[in-house]
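Peer 1: Structure in structure tokens, see below.
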Amino acid sequence: MRIDVITLFPDFVRQSAAVGVVGRAQQRKLLQVETWNPRDFTDDPHRTVDHRTFGGGPGMVLLIEPLRRTLQAVREVEAGPAHVVYLSPQGARLTQDRVSRLAAMPRLTLLCGRYEGVDERLLTHEVDEEISIGDYVLSGGELAAAVMIDAIGRLQDGALNDAQSAQQDSFSDGLLDCPHYSRPVQDAFGDVPAVLLSGDHAAIRRWRLKQALGRTWLRRPDLLARRSLDKESRALLDE
Ligand code: ADE
């Protein structure tokens, strides 16, 4: 998969995509992250990309022309059509379902806003989808782009050393993850639950599902309300 990021801070995006699972996915050629700076698509000496907002008020707006040219250049790269996502707090909330859908695309373009945002006309004509990573305001879309690249990158086939770990993630089945334990078995902070040492895989699976259901029930009841529980989960909740 190829992800093109349009940003005034390309170094930040490149560096954040160079480490960990995403960095490894790039090394393995499962993912390619490229950056484009709209300042490179200006033709004035100051490389102007923004201007005051019409109607008054604080803040600056990213101008249509440098972004239009940047998007045109991104489109000219022969890697198939690029679904364009604008990152902003006004977007639809990013969920694991959205991440999975985007991760299955061959190509994605992420447009990072700065200042008060982007001229609305560019968004109307060039953007396929607007996404927010949560109900808070960042000073730009770069951190949101880094979040999306991480969430998408780790879902590329072969990115995780253990493919099952993506399937067992929180949210992949609509539930929070169960607790995990490792060595030592006994510690001043407590013992590892005996069932996990039993070797009884059916019992372990039931215990994990029960823990996941319990945590979701306590911490994120909204997720349970949206999920239609399977028979086993309903039985465990009734216990
Ligand atoms: N840019 C600024 N705030 C944002 C948010 N919450 N999500 C995505 N992009 C943003």
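Peer 1: Here is a list: Glu116, Glu130. Which entry is within 13 Å of the ligand (Cβ to nearest atom) and modelled with pLDDT under 95?
Peer 2: Testing whether each residue is within 13 Å of the ligand (Cβ to nearest atom) and modelled with pLDDT under 95 leaves just Glu116.
Peer 1: Continuing with the same structure: Find all pairs meeting these conditions: Cβ atoms under 7 angstrom apart; at least six residues apart or on different chains; first residue within the stretch 88-105 and near the ligand (Cβ under 9 Å from one of its atoms); second residue among the acidic types (Asp, Glu).
Peer 2: Ser88/Glu130; Gln90/Glu130; Gly91/Glu130
Peer 1: If you don't mind, there's one more thing I want to ask. Restricting to the stretch 133-152, name every residue that is hydrophobic (A, V, I, L, M, F, W, C) and near the ligand (Cβ under 7 Å from one of its atoms).
Peer 2: Within the stretch 133-152, Ile133, Val137, Leu138, Ala144 qualify.
Peer 1: Let me ask something additional. Among the residues of the stretch 94-102, is any buried (at least 17 other Cβ atoms within 10 Å of the Cβ), outside the structural domain of Ser228 (by TED's automatic domain parsing), in contact with a Ser or Thr (Cβ under 9 Å, 6 or more places away or on another chain) and not in a helix (DSSP H, G or I)?
Peer 2: Scanning the stretch 94-102, I find at least one residue that is buried (at least 17 other Cβ atoms within 10 Å of the Cβ), outside the structural domain of Ser228 (by TED's automatic domain parsing), in contact with a Ser or Thr (Cβ under 9 Å, 6 or more places away or on another chain) and not in a helix (DSSP H, G or I), so the answer is yes.
Peer 1: If you don't mind, another one. Picking from Gly20, Gly55, which residue would you name as being among the small types (Gly, Ala, Ser), over 23 Å from Thr124 (Cβ atoms) and more than 16 Å from the ligand (Cβ to nearest atom)?
Peer 2: Exactly one residue qualifies, and that residue is Gly20.
Peer 1: Turning to a different aspect of this structure: Identify all residues within the stretch 174-207 that are surrounded by 11 or more Cβ atoms within 10 Å (Cβ to Cβ) and of a type in the set (Phe, Trp, Tyr); write none if there are none.
Peer 2: Tyr181, Trp207
Peer 1: If you check Ala151, Ala159, which single one turns out to be of a type outside the set (Ser, Thr, Tyr), out of contact with any Asp or Glu (no Cβ under 7 Å at 6 or more places or on another chain) and outside any loop (DSSP other than H, G, I, E, B)?
Peer 2: Ala151
Peer 1: Going through Val118, Val85 one at a time, which residue ends up being more than 16 Å from the chain's Cα centre (by Cα) and in contact (Cβ under 8 Å) with a residue 40 or more places away in the chain?
Peer 2: Val118
Peer 1: Need the failing condition index for Gly80 against (1) farther than 25 Å from Arg39 by Cα; (2) small (Gly, Ala, Ser); (3) assigned to a loop (DSSP other than H, G, I, E, B), just the number.
Peer 2: Condition not satisfied by Gly80: (1).
The values are calculated or read from the model by the stated rules, or taken from the named source; none is laboratory data. As the structure is a prediction and not an experimental result, all values here were calculated from the model. With ideal geometry, Cβ positions are generated from the backbone for all residues, glycine too; neighbour counts draw on all protein chains shown.
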